[in-house]
1. Any chance you could give the angle, 0 to 90 degrees and rounded to 10, that helix A:7-30 forms with the longest Cα principal axis of chain A?
2. So if each residue of separation counts as 0.36 nm, and I subtract the Cα-Cα distance between B:Ala65 and B:Thr378, what length gain in nm does that give?
3. How large is the dipole of the stretch B:286-509 about the Cα centre if only Lys and Arg carry +1 and Asp and Glu carry -1, each at its Cβ, rounded to the nearest 20 debye?
4. Which of the aspartates and glutamates could a cross-linker bridge to A:Lys14, judged by Cα under 19 Å and excluding same-chain residues fewer than eight apart?
5. Using the eigenvalues of the Cα gyration tensor, what equivalent ellipsoid semi-axes result for chain B when each is taken as the square root of five times the eigenvalue, whole Å, largest first?
6. Using Cα centres only, tell me the gap between the stretch A:1-52 and the stretch B:399-462 in whole Å.
7. If exposed means no more than 14 neighbouring beta carbons inside 10 Å and the site is in a DSSP loop, what's the longest run of chain B without any exposed trypsin sites (Lys or Arg not before Pro)?
8. Sort B:Val328, B:Val259 so that the residue with the fewest other Cβ atoms within 10 Å of its own Cβ comes first and the one with the most comes last.
Amino acid sequence: MKSDHHVILRVITKVLIPVIVLYGLYVQFHGDFGPGGGFQAGVILAVAVILYALVFGVPSAMRAVPPAFTRSLAAVGVLLYAGVGFWALLQGGQYLEYQALFQEEPGGHHGQHVGIILIELGVLFGVSGAMLTIFYAFAGRVAEIRDEDW
Amino acid sequence: MIDLLLDTAPRWALLHAPALLVMAPLFLAPLLAILPSGRLSWLISIFATLFALFCALILVGQVQASPVGVVGYDVGNWPMPIGIVLRVDALNSMILLLVASIGVLATIFSWPTVKAEIPERKHPLFYSAFLVCFAGLCGVAITGDAFNLFVFLEISSISTYVLVALGAGRDRRALPAAFNYLIMGTLGASFYIIGVGFLYSATGTLNIADIASKLPDLAGNRSVEAGFAFIIVGLGLKAAVWPLHQWLPNAYSYSPSFVTMFLSATATKVALYALIRFLFTVFRPEFAFEQATFTYLLMPLGLAAMITCSFQAVFQTDVRRTLAYSSVAQVGYMILGVSVGTVAGVSAGLFHLLNHAMIKGALFMAVAGVVLTFQGTTIRDFAGLGRTAPWTMTGFAIAALSLIGVPLTAGFQSKLQLGYALFDQGMWWAVVFVVFSSFLAVIYMGRILEAIFFRPPINPRKSRKEAPILLLVPLWILALANIYFGITTELPLGLARDAAAAAFGLEAF
């Protein structure tokens, strides 16, 4: 029973992480109608993983969410954002013109909905990927704090 | 030639050139970050910069063909004060052409030096950061929105810090240099955004053209004047205006040689463009506080840069530091031209901006060749290279002569134009400073040229060791451009004059 002394931390963290992720998703999808959006949600999702890394150690966090994955996630986010812009171009609109995505008449809102959701998703991927990459870059440099040092 | 391009280019390229110019490199950058192969990412970078050059040429043609001299593009089809517009006139089409053509030449020559200086697994990420930087610089030059300009300025700056820091593989001093640059660059960007905030509070808009149209009614408004001061300091930091240039010598000396070459020819130039845009398009020289800025701030700073940094360049032992200090001195020439406050002055400044990009591009490319073959950048390392690497060093010498301002080179022509502009305003005493600074250039470049051509090699067993052909071709394109534009100045001088007229909001040509 070596690690008994932060059993409370571990248990509470396990309870908290799903709530944090859920709240992040709420902020993400609420962004269409009110305050919130991809940037805040991306930070919150990254915080969930960072909390996991703080309590269970960076190596196990890196096993759960590998650095290669976070780096690609950031890249995919930017690709998604810019890709929606190019999609609008291909449909004959201006760059990032949501109205042109499905070539709707003025008054149609389908393109607006799909456009903003994809854009915000791109921001979510980009921000959470970049946050975690930065965290890993800093946290990966120092030696792990051993249990006896607590 | 440009007419032919406008006739043959596909319709989508003509319609969307402003957006594609920035977004194509910015879209390819994250793609490179997940690619496994360095060589492939190099080829894609060449493609991206070539495509940007293609768009820039289209824009130059469209601006010249347009009756009002402006090409606009509404991002997301949101029109002017609400949405972000990309707005291209003669001034920024010239800058875009410069950045894109230097980008193409730099990317082509980069592969041998990147292979030698950057660890292999970082090659795709390196090119990814380069493309982000390139797209950011193009974005600063193309946008018509003051806040969007800040965003692109940060995009290019942050990737620049990364690129500078990657020089750590060759010299650990790249890390403090990059950190120093990061602090100074962030300060500059913060000052700029504070200034934009003041302007926004006074005018209620972020669109550059819209701010410009509202400012004449706000004469004497304190927050406009405070915003002006913040923006001048912020952009001055980015453009390395003396004495805000402290980040530049270290950043140029320790970054990978490809990065030095690309930055010296583009980064400070783009910041200087933004400065000119704010000095002449947003604020107007008729404003009393701006006249005072020209006479009591920019002109003394320009002169001080020309003299002190040329002196500092004389005492350097490292070739890259000599060239870096000389860069700050050359920014002084441009600032001097701008501070004359007339169309002739600004066009002389912009003309020197174009020529200096060609000169420093060629010089740093040749230095990159020496780093590649002999692993040294001190003047001692250059001794006798005129015999062992004649092609590289002849290219270096041509650009060096152009930097000094020898007749029949581009550098001479721009100093001539600067002299004309100064004489027009009766400022003959400033011409004395220009000539004196050129004499200092003779000394600091002369020291290097003397070592190259007249001293015996330090290691006589060094046989012919020319830079690779990938490096020699772009180097010689730039070197020959220095001679060509020193003989016929029609093309760059025409671009610079139209650009200066556009900066003043005058009808071009």
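Read the figures in this text as sums done on the coordinates, not as results from a lab. Nothing here was measured: the structure is a model prediction, and the numbers come from that model. A quick note on method: Cβ atoms are made from the backbone with ideal geometry, for glycine too, and the neighbour counts reach across all protein chains shown.
1. Relative to chain A, helix A:7-30 is tipped by roughly 10 degrees.
2. Answer, rounded to one decimal: 107.8 nm.
3. My answer is approximately 1240 debye.
4. Within the straight-line limit of under 19 Å, A:Lys14 reaches these aspartates and glutamates: A:Asp4.
5. 34, 27, 21
6. 62
7. Here the longest run is B:174-460.
8. B:Val328, B:Val259
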